[in-house]
1. Cross-link partners among aspartates and glutamates for B:Lys110, C-alpha distance below 16 Å, same-chain residues fewer than 8 apart left out?
2. For B:Arg319, place a label point 7 Å out from Cα along the Cα→Cβ vector, do the same in each other copy, and report the separations in nm, one decimal, smallest first.
3. Quickly estimate the mean residue ellipticity at 222 nm for the protein assembly as shown, helices only: each DSSP H run with n ≥ 4 gives -39500 (n - 2.57), and the total goes over all residues, rounded to 500.
4. What are the distances, in nm and sorted shortest first, from the label point of B:Asn23 to the label points of the same position in each other copy, with each label point placed 7 Å from Cα along the Cα-to-Cβ direction?
5. Could you check how much of the accessible area of segment B:122-421 is carbon and sulfur, as a whole percent, using a 1.4 Å probe?
6. Just subtract the alpha-carbon distance of B:Leu322 and B:Ser274 from 0.36 nm times their residue separation and send over the number in nm, one decimal.
7. Quick check: from the Cα gyration tensor, does the protein assembly as shown come out rounded (a/c under 1.5), prolate or oblate?
8. Under a Cβ-Cβ cut-off of 15 Å, what is the net charge of the residues other than A:Trp402 that fall near it, where Lys and Arg count +1 and Asp and Glu count -1?
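The values are calculated or read from the model by the stated rules, or taken from the named source; none is laboratory data. If you're wondering where the values come from, they're calculated on a predicted model, not measured in any experiment. Neighbour counts are summed over all protein chains in view; Cβ atoms, including those assigned to glycine, are modelled from backbone coordinates with ideal geometry. Side chains are part of the model used for accessible areas, which takes the heavy atoms of the whole protein and leaves out ligands, DNA and RNA. Shrake-Rupley method; radii C 1.70, N 1.55, O 1.52, S 1.80 Å.
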Number of protein chains: 2
Amino acid sequence: MNSTNETHDLSLRSWIESANVRNADFPIQNLPFGRYRPIGAIEDFKIGVAIGDQILDLQETGLIDTSDMNVLMSLDAQARLRLRSAISQGLAHGSPEQHAWSKLLSPQCKAEMALPCRIGDYTDFYTGIHHATSVGRLFRPDQPLMPNYKWVPIGYHGRASSIRVSGHTFRRPHGQTKAPDAEQPGVGPCRRLDYELELGYFVGRGNELGQPVPIEVAEDHLFGVTLLNDWSARDIQAWEYQPLGPFLSKNFVTTVSPWLVTMEALAPFRAPLSRPEGDPQPLPYLDSEFNRKSGLLDITLEVRILTQRMAKDGLAPERVTLGSARTAAYWTAAQLIAHHTVNGCNLQSGDLLGSGTLSGPAANEAGSLLELTEGGKKCVTLTNGEQRTFLEDGDTLVLRGWCERPGAAHIGLGEVRGTVMA
Amino acid sequence: MNSTNETHDLSLRSWIESANVRNADFPIQNLPFGRYRPIGAIEDFKIGVAIGDQILDLQETGLIDTSDMNVLMSLDAQARLRLRSAISQGLAHGSPEQHAWSKLLSPQCKAEMALPCRIGDYTDFYTGIHHATSVGRLFRPDQPLMPNYKWVPIGYHGRASSIRVSGHTFRRPHGQTKAPDAEQPGVGPCRRLDYELELGYFVGRGNELGQPVPIEVAEDHLFGVTLLNDWSARDIQAWEYQPLGPFLSKNFVTTVSPWLVTMEALAPFRAPLSRPEGDPQPLPYLDSEFNRKSGLLDITLEVRILTQRMAKDGLAPERVTLGSARTAAYWTAAQLIAHHTVNGCNLQSGDLLGSGTLSGPAANEAGSLLELTEGGKKCVTLTNGEQRTFLEDGDTLVLRGWCERPGAAHIGLGEVRGTVMA
């Protein structure tokens with residue numbers, strides 16, 4: 001794994017100067033994959049690698065022989081490392097490729113991004129224990145955390161067709177709701193529209209139907225990570241969710257960031273999974289030495305809001321949450337893959353696993369308005385005096401994520417941005 | 001719509017004699033679509049039409065210019081009627097096409113069938129009110145039917161990747177379960193494996209994200225119907241399903257019959273939707289005159305079981321359930337489409353909507369062992385003396401469906417067959 005370590009070297013610099021700027025999301029140590037084309041073009045999307053403020057046309061480098069991201073994602077671990085190493089060497093300061101590759105760059109600001117791959121199936125998990133507890137308290141005050149929570153990585157199937165890439169604007173969903181004191185339900189626009197701060201784990205190599213993936217090799221099936229906003233209509237959810245779970249309250253749209261930040265890029269930011277004293281240890285199929293030592297990802301997560309008035313006044317999006325995936329998640333990505341397949345269910349290249357809302361233990365680390373406002377009982381007050389219990393028309397949400405630690409380069413996940421309209 | 005009526009004419013006969021046999025599943029009035037190739041071949045699957053015991057190679061007739069069933073399914077209603085009419089005329093007794101088309105036939109017994117189309121997303125509903133009540137009673141004796149049931153067509157997202165066509169054999173799934181009296185859960189083979197008798201509604205034309213489908217035109221988006229077996233691991237389900245619904249208890253495999261029986265073929269078998277006295281009327285977005293008068297499908301449904309011992313002894317599958325979709329379903333397919341899209345969720349050509357278990361009001365009309373055995377408390381005794389509470393290794397389930405009424409041809413859905421192995 002020398003090649004991995006070399007590609008992380010803090011002293012590594014690129015001949016693309018914007019990649020060497022301090023705290024840039026996409027330094028040469030990152031090298032995430034995405035699909036892009038020039039804004040306004042109708043040509044097919046191409047596979048690119050983000051570097052600084054540019055995108056490298058990966059196919060034109062000759063390093064891959066496919067234009068299909070799902071095929072690239074299904075490479076085995078060694079082939080992925082070789083590809084990463086070759087890209088890193090080509091982009092490194094002093095590379096003999098500089099002359100040729102400099103013609104393969106496009107500025108990110110002039111690119112339209114697509115979903116990073118075809119998403120066959122989307123599963124949303126519920127790994128954020130602080131979120132599960134806070135939300136559970138609102139729906140079931142007598143039993144916030146179900147008895148199965150610390151044993152089963154709870155998850156449910158989501159809707160793949162309505163997943164969109166960052167930048168999406170959508171209409172406030174309509175649906176059936178019933179106020180607790182109303183005699184019967186009605187239909188109309190959602191009045192408790194919310195966001196959820198999540199990570200999206202993308203499957204690389206799949207498994208055959210009937211062939212579980214042991215936890216020891218689960219991460220071989222994981223390609224990379226994006227940010228994910230699981231937009232949620234709380235009033236629709238409260239009325240529809242029993243007994244089969246959330247449905248129309250979630251499937252009107254889900255947004256993800258465009259860049260697949262690979263597990264290789266995130267290797268320096270692994271963290272141990274430590275369960276609180278007294279909690280049960282994971283069952284054997286959810287337990288491994290690697291998982292205990294390094295199962296979690298230490299990613300800082302942030303939510304910002306930009307109201308229509310703020311945008312008119314030229315203000316920047318304002319932070320409402322700053323937290324960490326490490327302190328929020330009770331289950332690791334490897335555990336999700338081992339659990340998802342223990343019954344023989346087949347994952348396919350490009351499938352998306354949502355982490356569930358990653359709220360930290362502190363109040364200002366909550367990853368949804370439902371939590372920040374305690375179910376709509378309190379207001380979030382912005383610097384310009386505007387208040388929110390739930391989202392209003394014209395609101396834009398910006399979710400960002402990044403990794404930092406002494407001795408390692410800053411690795412950014414970019415952002416996922418979305419706007420609700422009337 | 002004259003062309004539709006002509007294609008249903010009881011006196012219509014085919015030059016393929018097996019199509020004229022009394023109570024054949026696939027007379028000339030049916031004409032379902034499927035994907036097939038010769039057994040053992042590695043060539044691509046082709047689009048065919050079932051007629052008697054044969055399959056007509058549809059592409060070779062020149063009536064379609066695609067080999068992609070999802071494209072065929074997205075034809076508009078008029079184009080679909082024209083296609084049906086042309087196939088009917090070509091297969092009718094005395095057709096000038098007989099000579100040419102007789103070379104385009106393959107026997108069904110020599111064909112391997114595929115899933116009828118690419119299924120992007122799979123949603124499973126819960127329209128069987130007798131099933132919901134019986135199962136609800138087992139899980140929640142105090143409140144069998146949730147307060148939302150008669151207002152909301154309850155549904156949840158299922159797993160698309162593990163849907164297989166009839167004939168599939170699968171291993172008994174493993175998973176996490178917890179006996180009510182156990183201190184903690186364990187992992188092992190499912191001990192309460194069950195089937196669920198459902199219809200599969202396949203989407204034809206899709207809708208754009210953000211554009212709900214009004215109920216008045218909902219059936220324009222429906223292409224046809226198959227049988228569906230929603231195999232269920234009850235012990236896994238009981239432990240995992242709260243609060244987000246069924247997950248691993250369902251997604252190890254779902255099987256469907258290979259022939260898409262079109263809404264046009266089912267036109268003579270429509271039935272009114274009548275709600276019991278005192279039940280609420282559907283909200284306006286779930287109500288239309290057509291839906292009230294003809295929203296339901298009058299399809300007879302049957303479950304048969306063939307144990308390993310029965311197969312060894314040369315016995316035929318034995319009927320355990322005979323019921324009807326009409327008396328089982330509280331919600332119509334049009335209501336499912338209107339509800340699914342009311343929030344703007346987009347359906348795509350080939351998407352699958354499961355009806356939920358279609359158990360009738362009588363005990364011997366129950367569409368699952370969970371109901372037939374009252375949660376495993378009673379046994380189903382077969383003629384050869386074997387008993388079942390849940391499925392045992394080597395059991396084969398055969399679900400069949402057909403339509404009959406005076407003055408109309410018998411229309412069969414064929415069968416979906418599946419076998420569980422150790």
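1. Within reach: B:Glu43, B:Asp44, B:Asp53, B:Asp57.
2. In nanometres, ordered from closest: 7.0.
3. -4500 deg cm²/dmol
4. The projected label point of B:Asn23 is separated from its counterparts by 7.8 nm.
5. Its accessible area is 49 percent carbon and sulfur atoms.
6. 15.1 nm
7. The shape class here is prolate.
8. Working: positive: A:Arg22, A:Arg304, A:Arg319, A:Arg326, A:Arg400, A:Arg405; negative: A:Asp25, A:Asp298, A:Glu302, A:Glu404, A:Glu415.
Once all neighbours under 15 Å are counted, the net charge is +1.
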